[in-house]
1. For segment 21-36, indicate whether the set of residues that are more than 30 Å from the chain's Cα centre (by Cα), at pLDDT 80 or above and of a type in the set (D, E) is non-empty.
2. Of the residues that sit in segment 79-110 and are of a type in the set (A, V, I, L, M, F, W, C) and modelled with pLDDT of 90 or more, which one is farthest from H55 (Cα to Cα)?
3. Name the one entry in T125, T134, T68 that is of a type in the set (V, I, T) and touching a residue at least 40 places away in the same chain (Cβ under 8 Å).
4. Could you list all residues from segment 111-130 that are at pLDDT 90 or above and surrounded by fewer than 19 Cβ atoms within 10 Å (Cβ to Cβ)?
5. Would you list the strands (runs of 3 or more DSSP E) that sit entirely within segment 43-110 and hold 1 or more residues that are loosely packed, with under 13 Cβ neighbours inside 10 Å and under 15 Å from the mean Cα position of the chain (by Cα)?
6. Look at segment 99-120 and say how many of its residues are charged (D, E, K, R) and farther than 15 Å from I141 by Cα.
Amino acid sequence: MKKVILGLSTLCLVAFTSCKEDATKKISEANVAKAAERDAVASKFPVLTFDKKEHDFGEIEAKTQVETVFTYKNTGEAPLVITDIKSTCGCTVPKDWSREPLAPGGQGQFTVKFNGSGTNKVSKTINITANTETGRESVKITAFVKPDPNKAKPAAKS
C-alpha cells in the first residue's frame, strides 16, 4: 500500500511540475495581429439592397405567364454570395442569378416567372439565402388573376 501511495505521489509531483511553463511567453505578436485583423473582417457583412422589394403585375388572365427582373446591389463591406433563391410555391420560379461572389458596390439581377395560377389577389414571396447578417432576404410579387374566359362556368341552380 505504501508503494502505491508513493507511486501516485511521484506521478502527481511530475505532472504538476511539468506544467510550470508560462503560456503567455508562447504567444507570438504576429499571431495576435493576424487574429485582430481576422476578427475585424469577420464583423463586416455584405448588404443586399434591391431596386424594388415588390413587383405588381396588375391584372392578368388566368394561366398567363409573366416575369419580372429584380436588380440588387451589394452595399456592404464584404463580398456577397447568394446561395439559393426559392419561392413559397411552385407557380413562381426564380432563375438566372449568379453564384459567384459579388464585390462591394457590385450589381446583379435575377428573373422571377409567375405562371398565373390562383384567383383574385395573389401574393408570392421569394426568399434569398445569402451571407448577409440576417442570412435571408425576401422580395414579393403580386397580381390580380382574372378568371379564365375559356373555362366553362357552372350551370346556375334554379
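1. No, segment 21-36 has no match at all.
2. Here the residue is A103.
3. Values: T125 fails: touching a residue at least 40 places away in the same chain (Cβ under 8 Å); T134 fails: touching a residue at least 40 places away in the same chain (Cβ under 8 Å).
Testing whether each residue is of a type in the set (V, I, T) and touching a residue at least 40 places away in the same chain (Cβ under 8 Å) leaves just T68.
4. T111, K113, K121, S123, K124, T125, N127, T129
5. Per the criteria, 82-87.
6. Of segment 99-120, the ones charged (D, E, K, R) are 99-100, 113.
Those left that are additionally farther than 15 Å from I141 by Cα: 99-100.
Total meeting the criteria: 2.
The values are calculated or read from the model by the stated rules, or taken from the named source; none is laboratory data. Model, not experiment: these values are computed from the prediction. Positions of Cβ are generated from backbone atoms using ideal geometry, with glycine treated the same way; all protein chains shown enter the neighbour counts.
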